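Only one structure is covered here, and it is reproduced in the block below.
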Amino acid sequence: MKALFLVGFMGAGKSTLGKELAQRLSWDFYDLDEEIERIHHHSIPELFSELGETKFRVLEKEVLNGFETKTASFVLASGGGTPCFFDNMEWMKKQGEVLFIDTEPRELLRRLKGKESGRPVLKSLKPERFEEEMLILLGKRRPFYLQAPWILGKNVRNIDEVIHMLNS
Ligand code: S3P
């Protein structure tokens, strides 16, 4: 059984890439946000507003840790904040491979601006200072993402190389 965890900012493309990788590897694909919603019967924005971020992060960690019991190989697209809380990054590294999807900040801004709905963390940014605040958040999170042993575009250049790395 092998596991690949994808980390990166909102809009980086974790789910899109994760689905493609899982399909090519014939592994299962999971999206952590979808798993949280399925298990807790509420959407991510509902959980954020009902519980607050602190308690949401506890739920997120619990659902993440539940992947320990999987018996078939899988790719998991984590949430943008997942590796930045508790020991989540260390835990993922112990369970399998971790790949950082290092999408350019300009591209992230392009994808996320005006797409705040369904993303409570973006909604909490001041609209008139959206770009600046998003880049500050990205800067705070980057050191966590960089703890991933694999970085797309750096030590693995493309999907073929990710697959090769997983099979070797
Ligand atoms: C979050 C990212 C979201 C989701 C939640 C919080 C974050 O996941 O987990 O809204 O803190 O960056 P995506 O990265 O899949 O949008």
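The values are calculated or read from the model by the stated rules, or taken from the named source; none is laboratory data. Only a predicted model underlies this, so the values are computations on that prediction, with no experimental measurement involved. FYI the Cβ positions are ideal-geometry reconstructions off the backbone, even for glycines, and counts take in every protein chain you see. Surface accessibility is based on the protein's heavy atoms, side chains included, excluding ligands, DNA and RNA. Shrake-Rupley method; radii C 1.70, N 1.55, O 1.52, S 1.80 Å.
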Log entry, pairs with first residue in segment 73-89 being of a type in the set (Asp, Glu), second being open to solvent by 10 Å² or more (accessible area, probe 1.4 Å) and more than 7 Å from the ligand (Cβ to nearest atom), beta carbons closer than 9 Å, six or more apart or on different chains, reads Asp87/Lys61
Flagged in segment 41-52 as surrounded by 14 or more Cβ atoms within 10 Å (Cβ to Cβ) and free of Cβ contacts under 8 Å to residues at least 60 places away in the same chain, in numbering order, are His42, Leu47, Leu51
Here the residues within segment 134-154 that are outside any helix (DSSP H, G or I) and out of contact with any Leu (no Cβ under 9 Å at 6 or more places or on another chain) are Leu146, Gln147, Gly153, Lys154
So, first residue in contact (Cβ under 8 Å) with a residue 60 or more places away in the chain in segment 55-66, second residue open to solvent by 10 Å² or more (accessible area, probe 1.4 Å) and within 13 Å of the ligand (Cβ to nearest atom), Cβ within less than 6 Å, six or more apart or across chains; the pairs are none
Among residues of segment 9-40 being away from the ligand (no atom under 14 Å from the Cβ) and open to solvent by less than 50 Å² (accessible area, probe 1.4 Å), the residue farthest from the chain's Cα centre (by Cα) is Leu25
Checking Glu46, Glu20, Glu37 in turn, the sole residue that is in contact with a Leu (Cβ under 9 Å, 6 or more places away or on another chain) and of a type outside the set (A, V, I, L, M) turns out to be Glu37
- Message: So for segment 74-83 (the condition being in contact with a Ser or Thr (Cβ under 8 Å, 6 or more places away or on another chain), open to solvent by less than 10 Å² (accessible area, probe 1.4 Å) and under 22 Å from Leu135 (Cα atoms)), does at least one residue qualify?
- Response: yes
- Do the conditions hold for Phe67, that is, is it in contact with an Asp or Glu (Cβ under 8 Å, 6 or more places away or on another chain), surrounded by 13 or more Cβ atoms within 10 Å (Cβ to Cβ) and farther than 25 Å from Leu108 by Cβ? no
Expected output for segment 1-27 (first residue without any contact (Cβ under 8 Å) to a residue 12 or more places away in the chain, partner surrounded by fewer than 20 Cβ atoms within 10 Å (Cβ to Cβ) and small (Gly, Ala, Ser), Cβ below 9 Å, 6+ apart or cross-chain) is Ser26/Ser73
